[in-house]
Amino acid sequence: MAACVRLIALRQDRSAFAELFNVFAPRLKSYMVRLGANDGLAEELAQEVMLTVWRKAAQYDPRQASVSTWLFRIARNRSIDAHRRASKPDLDPNDSALHPAEIEAPDAAVDRADTEERVREALETLPEEQLVLLKAAFYQGLSHSEIAERFGLPLGTVKSRIRLAFNRLRGRLETDGTAEPMGVDAS
């Protein structure tokens, strides 16, 4: 069989390839089925392996492996590739995550940065007992119940302190001429 591979590599000998194909294609297909491929996929993968042999016969080195070892290693790699392709979902070209974000207009960027700065400044004016709870809710993503448990406070106290913090922020931002902060809901 090594002679067949050499003939394919040297002069793309079709009869040598046919001999190699007749011997190994059925074995490769059976191997693919044992690796978990259905009959159709096993046939396709076996043909891919044989096509690889046709294209890359010159890379075969008889000192490193027998022809069958070389072919079955190619087959194993093709099987792994097929499994990886099957386990990855197809990407939806309309998915917004695959499109770059729209460029923000310069005036909107300045307005947003100004608002963010005012919100930061307003946060600094909150009493520590309110600020800590607000940060736990919005920066750490904790629910009111989780905050109550973490800080050892009654749930009603947590809710009222967060509500007071919102009211203070709203009052502070309205007096500064800034609209209600983004994402802040006093309910």
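Readers should treat all values here as calculations from the given coordinates under stated rules, not as data from a laboratory. Source: prediction; values computed, not measured. Using ideal geometry, Cβ is built from the backbone for each residue, glycine included, and neighbour counts are taken over all protein chains shown.
Judged by the mean number of other Cβ atoms found within 10 Å, the most tightly packed of the peptides 152-161, 89-98, 26-35 leads the ranking 26-35, 152-161, 89-98. Compactness of the chain, taken as the C-alpha radius of gyration over 2.2 N^0.38 Å, stands at 2.09. Using only Cα atoms, find the angle between the long axis of helix 67-87 and the longest principal axis of the chain, and express it within 0 to 90 degrees, rounded to the nearest 10. That works out to roughly 30 degrees. The angle separating the long axis of helix 2-11 from the principal Cα axis of greatest extent in the chain is about 80 degrees.
Convex hull volume of the C-alpha atoms in the range 28-98, normalised per residue: 119 Å³.
The Cα center of the range 69-134 and the Cα center of the range 157-171 differ in position by 31 Å.
Within straight-line reach of residue 88, meaning a Cα separation under 27 Å, sit the following lysines at least 8 residues removed in sequence or on another chain: 29.
Computed from the Cα positions only, the extents of the range 106-175 along the three principal axes stand at 44, 23, 15 Å, in decreasing order. For the chain, the longest principal axis of the Cα atoms and the long axis of helix 155-175 meet at an angle of about 80 degrees. Just tell me which aspartates and glutamates come within less than 16 Å, Cα to Cα, of residue 56; anything on the same chain fewer than 8 places away is out. Straight-line reach from residue 56, under 16 Å: 13, 48. Couplings 3J(HN,Hα) for the range 96-107, derived from phi with the Karplus relation 6.51 cos²θ - 1.76 cosθ + 1.60 (θ = phi - 60°), are 5, 5, 8, 9, x, 5, 5, 6, 6, 5, x, 5 Hz, where x marks Gly and Pro.
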